[in-house]
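> Below is one structure. I have some questions about it.
The values are calculated or read from the model by the stated rules, or taken from the named source; none is laboratory data. The structure presented is a predicted model; accordingly, all values stated were derived computationally and were not measured. Cβ: placed from backbone, ideal geometry, glycine included. Neighbour counts: every protein chain shown. To get the accessible areas, we keep the full protein, side chains included, count just its heavy atoms, and leave off ligands, DNA and RNA. Shrake-Rupley method; radii C 1.70, N 1.55, O 1.52, S 1.80 Å.
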Amino acid sequence: MTNIYLIGYMASGKSTAGQKLANKLNYKFIDLDKFIESEYGKTIPQIFAEKGESEFRAYEHNMLKKIIEMNNVVIACGGGTPCFYNNIDLMNNTGVTVYIKMSVDALTSRLKTAKEERPLIKNKTEEELKKFIARQLEIREDFYHKAQYLVKGKDLNVDELVEFIKSQIETKKV
Ligand code: S3P
(Lines give C-alpha, C1' and ligand atoms only; values in the text may rest on other atoms or scores of the structure.)
Protein backbone atom coordinates (compact mmCIF):
# COMPACT_ATOMS: atom_id res chain seq x y z
CA MET A 1 0.00 0.00 0.00
CA THR A 2 2.90 2.36 -0.62
CA ASN A 3 0.99 4.77 -2.78
CA ILE A 4 1.82 8.43 -3.20
CA TYR A 5 -1.01 10.90 -3.68
CA LEU A 6 -0.32 14.36 -5.05
CA ILE A 7 -3.03 16.86 -4.28
CA GLY A 8 -3.48 20.57 -4.92
CA TYR A 9 -5.38 23.08 -6.98
CA MET A 10 -5.88 22.79 -10.75
CA ALA A 11 -2.64 23.52 -12.63
CA SER A 12 -0.41 23.27 -9.57
CA GLY A 13 1.83 20.78 -11.36
CA LYS A 14 0.55 17.49 -9.88
CA SER A 15 0.73 15.53 -13.12
CA THR A 16 4.17 16.76 -14.17
CA ALA A 17 5.66 16.13 -10.73
CA GLY A 18 3.78 12.84 -10.43
CA GLN A 19 5.08 11.48 -13.70
CA LYS A 20 8.69 12.33 -12.80
CA LEU A 21 8.28 10.99 -9.30
CA ALA A 22 6.90 7.71 -10.62
CA ASN A 23 9.79 7.34 -13.10
CA LYS A 24 12.37 7.95 -10.42
CA LEU A 25 10.79 5.65 -7.87
CA ASN A 26 10.00 3.02 -10.49
CA TYR A 27 6.33 3.26 -9.59
CA LYS A 28 3.35 3.24 -11.90
CA PHE A 29 1.84 6.68 -12.59
CA ILE A 30 -1.89 7.34 -12.69
CA ASP A 31 -3.51 10.64 -13.52
CA LEU A 32 -6.90 10.31 -11.84
CA ASP A 33 -8.73 12.43 -14.44
CA LYS A 34 -7.32 10.33 -17.28
CA PHE A 35 -8.17 7.15 -15.40
CA ILE A 36 -11.78 8.33 -15.02
CA GLU A 37 -11.92 9.25 -18.70
CA SER A 38 -10.66 5.88 -19.84
CA GLU A 39 -12.86 3.90 -17.43
CA TYR A 40 -16.01 5.80 -18.39
CA GLY A 41 -15.19 6.38 -22.05
CA LYS A 42 -15.98 10.08 -21.75
CA THR A 43 -13.91 13.21 -21.26
CA ILE A 44 -14.16 15.19 -18.01
CA PRO A 45 -15.99 18.07 -19.77
CA GLN A 46 -18.45 15.53 -21.22
CA ILE A 47 -19.10 14.00 -17.81
CA PHE A 48 -19.70 17.44 -16.29
CA ALA A 49 -21.98 18.48 -19.16
CA GLU A 50 -23.98 15.26 -19.28
CA LYS A 51 -24.10 14.22 -15.64
CA GLY A 52 -23.20 17.30 -13.60
CA GLU A 53 -20.60 17.80 -10.92
CA SER A 54 -22.10 15.59 -8.23
CA GLU A 55 -22.13 12.58 -10.53
CA PHE A 56 -18.54 13.36 -11.51
CA ARG A 57 -17.59 13.39 -7.82
CA ALA A 58 -19.16 9.97 -7.39
CA TYR A 59 -17.15 8.63 -10.34
CA GLU A 60 -14.03 10.21 -8.95
CA HIS A 61 -14.60 8.62 -5.55
CA ASN A 62 -15.24 5.20 -7.09
CA MET A 63 -12.12 5.37 -9.22
CA LEU A 64 -10.03 6.46 -6.25
CA LYS A 65 -11.28 3.45 -4.29
CA LYS A 66 -10.20 1.24 -7.17
CA ILE A 67 -6.72 2.79 -7.31
CA ILE A 68 -6.29 2.47 -3.56
CA GLU A 69 -6.31 -1.29 -4.00
CA MET A 70 -3.18 -1.04 -6.15
CA ASN A 71 0.40 -0.95 -4.90
CA ASN A 72 3.34 1.32 -5.63
CA VAL A 73 1.44 3.89 -7.61
CA VAL A 74 1.92 7.66 -7.81
CA ILE A 75 -1.47 9.30 -8.26
CA ALA A 76 -2.01 12.85 -9.48
CA CYS A 77 -5.46 13.70 -8.13
CA GLY A 78 -7.91 16.20 -9.57
CA GLY A 79 -8.03 19.56 -7.80
CA GLY A 80 -11.29 18.69 -6.07
CA THR A 81 -10.53 15.07 -5.18
CA PRO A 82 -9.54 15.58 -1.51
CA CYS A 83 -12.58 17.77 -0.88
CA PHE A 84 -15.34 15.24 -1.51
CA TYR A 85 -16.56 12.11 0.27
CA ASN A 86 -13.89 10.77 2.64
CA ASN A 87 -11.25 10.87 -0.10
CA ILE A 88 -8.56 12.66 1.89
CA ASP A 89 -8.90 10.16 4.75
CA LEU A 90 -8.78 7.24 2.33
CA MET A 91 -5.57 8.62 0.88
CA ASN A 92 -3.99 9.40 4.23
CA ASN A 93 -4.76 5.88 5.39
CA THR A 94 -3.27 4.16 2.38
CA GLY A 95 -0.11 6.05 1.56
CA VAL A 96 1.82 9.29 1.51
CA THR A 97 -0.11 12.49 0.73
CA VAL A 98 1.60 15.61 -0.57
CA TYR A 99 -0.03 18.99 -1.07
CA ILE A 100 1.59 20.99 -3.86
CA LYS A 101 0.85 24.55 -2.85
CA MET A 102 0.78 27.52 -5.21
CA SER A 103 -0.28 31.13 -4.79
CA VAL A 104 -3.52 32.53 -6.22
CA ASP A 105 -1.52 34.74 -8.60
CA ALA A 106 0.57 31.86 -9.94
CA LEU A 107 -2.51 29.67 -10.35
CA THR A 108 -4.41 32.43 -12.13
CA SER A 109 -1.61 33.02 -14.55
CA ARG A 110 -1.28 29.30 -15.31
CA LEU A 111 -5.01 28.70 -15.59
CA LYS A 112 -5.93 31.64 -17.78
CA THR A 113 -4.47 29.78 -20.75
CA ALA A 114 -5.59 26.34 -19.62
CA LYS A 115 -9.30 26.85 -18.92
CA GLU A 116 -10.93 25.09 -21.82
CA GLU A 117 -10.63 21.52 -20.59
CA ARG A 118 -11.65 22.53 -17.06
CA PRO A 119 -15.42 22.87 -16.76
CA LEU A 120 -15.40 24.73 -13.43
CA ILE A 121 -13.51 27.73 -14.83
CA LYS A 122 -14.08 27.49 -18.56
CA ASN A 123 -16.18 30.61 -19.03
CA LYS A 124 -14.49 32.96 -16.59
CA THR A 125 -12.71 36.20 -17.42
CA GLU A 126 -9.27 36.69 -15.85
CA GLU A 127 -10.72 38.83 -13.08
CA GLU A 128 -13.49 36.34 -12.32
CA LEU A 129 -10.96 33.54 -12.43
CA LYS A 130 -8.71 35.14 -9.84
CA LYS A 131 -11.64 35.77 -7.46
CA PHE A 132 -12.94 32.25 -7.99
CA ILE A 133 -9.55 30.68 -7.28
CA ALA A 134 -9.06 32.79 -4.14
CA ARG A 135 -12.49 31.89 -2.81
CA GLN A 136 -12.27 28.22 -3.67
CA LEU A 137 -8.74 27.84 -2.38
CA GLU A 138 -9.78 29.20 0.98
CA ILE A 139 -12.38 26.46 1.28
CA ARG A 140 -10.28 23.73 -0.28
CA GLU A 141 -7.22 24.38 1.85
CA ASP A 142 -9.05 22.94 4.84
CA PHE A 143 -8.82 19.64 2.97
CA TYR A 144 -5.44 20.20 1.28
CA HIS A 145 -3.85 20.91 4.65
CA LYS A 146 -4.84 17.45 5.84
CA ALA A 147 -2.07 16.10 3.58
CA GLN A 148 0.90 14.71 5.45
CA TYR A 149 3.39 16.93 3.58
CA LEU A 150 3.31 20.30 1.93
CA VAL A 151 5.68 21.41 -0.83
CA LYS A 152 5.86 24.67 -2.70
CA GLY A 153 4.75 24.21 -6.29
CA LYS A 154 6.67 27.19 -7.64
CA ASP A 155 10.10 26.05 -8.83
CA LEU A 156 9.37 22.62 -7.39
CA ASN A 157 12.53 20.52 -7.34
CA VAL A 158 11.30 17.04 -8.17
CA ASP A 159 14.69 15.44 -7.36
CA GLU A 160 14.48 16.80 -3.83
CA LEU A 161 10.88 15.69 -3.59
CA VAL A 162 11.87 12.17 -4.67
CA GLU A 163 14.60 11.95 -2.02
CA PHE A 164 12.23 13.24 0.59
CA ILE A 165 9.43 10.85 -0.35
CA LYS A 166 11.86 7.92 -0.42
CA SER A 167 12.97 8.68 3.12
CA GLN A 168 9.34 8.95 4.25
CA ILE A 169 8.42 5.64 2.68
CA GLU A 170 11.39 4.05 4.43
CA THR A 171 10.51 5.42 7.85
CA LYS A 172 6.78 4.81 7.51
CA LYS A 173 7.15 1.39 5.90
CA VAL A 174 3.64 1.86 4.56
C1 S3P B 1 -11.29 19.80 -10.85
C2 S3P B 1 -10.01 19.64 -11.30
C3 S3P B 1 -9.71 18.90 -12.53
C4 S3P B 1 -10.80 17.87 -12.83
C5 S3P B 1 -12.12 18.52 -12.85
C6 S3P B 1 -12.48 19.21 -11.53
C7 S3P B 1 -11.50 20.58 -9.60
O8 S3P B 1 -8.44 18.25 -12.38
O9 S3P B 1 -10.77 16.83 -11.89
O10 S3P B 1 -12.13 19.46 -13.92
O11 S3P B 1 -12.58 20.49 -9.00
O12 S3P B 1 -10.55 21.31 -9.18
P13 S3P B 1 -7.02 19.05 -12.44
O14 S3P B 1 -6.70 19.51 -11.06
O15 S3P B 1 -6.07 17.99 -12.91
O16 S3P B 1 -7.19 20.16 -13.41
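> So what's the Cα pair-distance distribution over the chain, bin width 5 Å, in %?
For the chain, the pair-distance distribution reads 1, 8, 18, 22, 21, 16, 9, 3, 1, 0.
> Above 15 Å lies some portion of the pair distances; for segment 89-169, what is it as a whole percent of all C-alpha pairs? Display every interim value, and only then the final one.
Values: 2076 of 3240 pairs.
Result for the distance tail: 64 percent.
> Which loop GluC sites (Glu not before Pro) in segment 9-115, with loop taken from DSSP, have no more than 10 other Cβ atoms within 10 angstrom of their Cβ? Mind showing how you got there, number by number?
Numbers: sites: E37, E39, E50, E53, E55, E60, E69; in loops: E69.
When the GluC sites (Glu not before Pro) of segment 9-115 are filtered for loop state and at most 10 Cβ neighbours within 10 Å, E69 remain.
> How far is helix 53-68 tilted, in degrees, relative to the longest principal axis of the Cα atoms in the chain, given as a value from 0 to 90 rounded to the nearest 10?
10
> Report, to the nearest 10°, how far helix 14-25 tilts away from the longest principal axis of the Cα atoms in the chain, using its own Cα long axis and a range of 0 to 90°.
20
> Another question, if that's okay. Quick one: helix 158-172 against the long Cα principal axis of the chain, what's the angle to the nearest 10°, folded into 0 to 90?
50
> Next question. Using a 1.4 angstrom probe on the protein heavy atoms only, could you order Y85, Y27 from most to least accessible area?
These residues rank, largest area first, as Y85, Y27.
> Hey, if you put +1 on the Cβ of every Lys and Arg and -1 on every Asp and Glu Cβ in the chain, which of L120, I139, A49 ends up farthest toward the positive end of that dipole?
I139
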